[in-house]
Amino acid sequence: MIHRRTLLLSAAALVPLTLTARAAPGSAFSPRDKADIASIEAYLNGLKSLKAHFMQVAQDGGISEGTVWLQRPGRMRFQYDPPAPYLLIAAHGQLIFNDSALQQTSQIGLGRTPLGILLAETVDLSGTVTVIGLQRLPGQLQLTLIRTDSPGDGSLTLIFADPPLTLRQWTVVDAQRRETHVTLYNAQLGGSFDQQLFEQIVVQGPRSR
């Protein structure tokens, strides 16, 4: 079973558990590192919408699949395939999680989650966001980010195929150090979506914050 609090905080919710080499915030990066970071920043700012199949692996090893829609800024929907009773939506500055089995809906401010970094209107990998890790593997780049002012909120590791630079996976570590890994398959970039995708959560039970 997927831990519902992990889903709420990490969301959107990547499979290889490859450790990312880490650097202390503010430490110097090489010119090549800086060029790679700049390329990733440009790529993310050019990523306006995406639809893909996903596979999610939770901290306890539970696996679920479904469809994800991403629309920057600030919108995402994780539609989990049955029998998983979950629906996760980012919209209106909130990350909203519905568990139909428990008949509960919970929400948290998107800005308090690592996922908010990816969904920001402008992705700026400096200032409010600190890059703490960059690792190159054959055909792959991994970048680990934290919020500069609130590192305790958790981290986001983005995993790209390269070349060409393409987002394939991400790992979210929440404030309790729980990891959620998401891998994207058959991603379709660009296009527009019905905005009701980001609105359709029915509150079926008591709401908690």
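Quick notes on this one:
- Single residue of the stretch 145-177 satisfying the filter (within 14 Å of the chain's Cα centre (by Cα) and among the polar types (S, T, N, Q)) that is nearest to residue 127 (Cα to Cα): 155
- Subset of the stretch 52-71 (residues that are under 13 Å from the mean Cα position of the chain (by Cα), of a type outside the set (Phe, Trp, Tyr) and under 18 Å from residue 196 (Cβ atoms)): 68, 70, 71
- Taken over the stretch 111-137, residues that are farther than 17 Å from residue 34 by Cα and crowded, with 19+ Cβ neighbours inside 10 Å amount to 7.
- Among the candidates 101, 175, the residue that is at pLDDT below 90 and in a loop (DSSP other than H, G, I, E, B) is uniquely 175.
- Among the conditions (1) assigned to a loop (DSSP other than H, G, I, E, B); (2) polar (S, T, N, Q); (3) under 20 Å from residue 159 (Cβ atoms), residue 64 misses just one, which is (1).
- Residue among 89, 108, 96 that is part of a strand (DSSP E or B), touching a strand residue (DSSP E or B) at 6+ places or on another chain (Cβ under 7 Å) and surrounded by fewer than 20 Cβ atoms within 10 Å (Cβ to Cβ): 108
- Scanning the stretch 153-167 for residues that are surrounded by fewer than 21 Cβ atoms within 10 Å (Cβ to Cβ) and farther than 14 Å from residue 115 by Cα returns 161, 162, 163, 164, 165, 166.
The values are calculated or read from the model by the stated rules, or taken from the named source; none is laboratory data. No experiment lies behind these values; they were computed from the predicted model shown. Counting neighbours? That spans all protein chains shown, and the Cβs are built from the backbone with ideal geometry, glycine included.
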